[in-house]
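Asks: Please read through the structure below; I'll follow up with questions.
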Amino acid sequence: MQPEGPPRESRRPQRESGGRGPVRRDLAGRVFPLGDWGEPADRLDALYLWTEEGALRAADWYLHDRVAKRRGARALRLGAAAAVTAGGALPLLDLAGVWEGGASWGCLSLLLAAVCVGGDRYFGVTAGWMRDLATAQAIHRRLEALQFDWATESVREVLGPAEGTAGEAAERCLGVLRRFNEDLGELVRAETADWMAEFRADSLRFAAGDGGGSAAVAPRPEGAAPSGRFAVPRAPRPNMPRQRPPEGPR
């Protein structure tokens, strides 16, 4: 039994979105390809194509998602830089008598720069751009490793001596595909968890800055007893009687 070497282009399944068009779908689950296992090599080839297609689809989703975030991050950063420059130059023009009332416009420019920076931090535009790029690159690295592992299994079955039975060879190939799909799912899960943690941290930070989240982020006092179901009540310390210090010799 052989995995039949490299996949054949004529049997590559069609993309779910009908090619690289403007239609994009979320990273939802996909139907597992079923078929007749009377030809194990053909079924393994189809499963490899299905796995590769899913990895390319996930990487393509992240690469498309980063485009809007990259444009937004660059626009906000350029706006902040331009506003800071104007905020420093307008008061100087006002002092030189070139533009009367430029100092007030300079304060407004500095406020606009703060809004740009705060919007970038709160909505996570730059962080999301970097996160999407890093995830897409990680998926491509995993896909390259899968391609070399699959080529290794193909060469082992074609050129080298057969190790075990055909069932063991098929199980080994299925294990390679299963590990890759688990790694891919873990990458997507980790990226989503990072996004959720960053969003919660930014929300709490802004709420604490406004004075509305002080109760949610208040530190726990040092001497507070644990408030659990099985908390052991602390017994009061007994008061020892005070003793007079010994008197010195007269």
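Asks: Please name all residue pairs, on different chains or six or more residues apart, with Cβ atoms under 8 Å, provided the first residue is in the stretch 52-64 and is farther than 11 Å from residue 27 by Cα and the second residue is of a type in the set (Asp, Glu) and assigned to a helix (DSSP H, G or I).
Replies: 63/132
Asks: If you don't mind, another one. Output the number of the condition that residue 198 fails; it satisfies all remaining conditions of (1) under 24 Å from residue 120 (Cβ atoms); (2) exposed (fewer than 15 other Cβ atoms within 10 Å of the Cβ); (3) modelled with pLDDT under 85.
Replies: Looking at each condition in turn, residue 198 falls short on (2).
Asks: Looking at the stretch 5-25, is at least one residue loosely packed, with under 15 Cβ neighbours inside 10 Å, modelled with pLDDT of 55 or more and touching a helix residue (DSSP H, G or I) at 6+ places or on another chain (Cβ under 9 Å)?
Replies: yes
Asks: Further, regarding this structure: Could you tell me how many of the residues in the stretch 118-137 are closer than 18 Å to residue 76 by Cα, hydrophobic (A, V, I, L, M, F, W, C) and surrounded by 16 or more Cβ atoms within 10 Å (Cβ to Cβ)?
Replies: Selection size over the stretch 118-137: 4.
Asks: Might you check whether a residue that is among the β-branched types (Val, Ile, Thr) and at pLDDT below 90 occurs anywhere in the stretch 96-116?
Replies: Quick first cut of the stretch 96-116, residues among the β-branched types (Val, Ile, Thr) only: 98, 115.
From what is left, the residues that are at pLDDT below 90 are 98.
Yes, some residue in the stretch 96-116 is among the β-branched types (Val, Ile, Thr) and at pLDDT below 90.
Asks: Can you tell me how many residues in the stretch 76-118 are touching a helix residue (DSSP H, G or I) at 6+ places or on another chain (Cβ under 6 Å) and in a helix (DSSP H, G or I)?
Replies: Applying the first criterion (touching a helix residue (DSSP H, G or I) at 6+ places or on another chain (Cβ under 6 Å)) to the stretch 76-118 yields 76, 79-80, 83-84, 86-87, 90-91, 93-94, 99, 102-103, 105-106, 109-110, 112-113, 116-117.
Still in the running and in a helix (DSSP H, G or I): 76, 79-80, 83-84, 86-87, 90-91, 93-94, 102-103, 105-106, 109-110, 112-113, 116-117.
So the count comes out to 21.
Asks: Taking residue 81 as meeting all but one of (1) at pLDDT 90 or above; (2) within 25 Å of residue 184 (Cβ to Cβ), write down the number of the exception.
Replies: (2)
Asks: Surrounded by 17 or more Cβ atoms within 10 Å (Cβ to Cβ), hydrophobic (A, V, I, L, M, F, W, C) and touching a residue at least 40 places away in the same chain (Cβ under 8 Å): is that true of residue 86 in this structure?
Replies: In short, no.
The values are calculated or read from the model by the stated rules, or taken from the named source; none is laboratory data. Because the structure is predicted, anything quoted here is derived from the model rather than measured. Neighbour counts run over all protein chains shown; Cβ positions are idealised from the backbone, glycine included.
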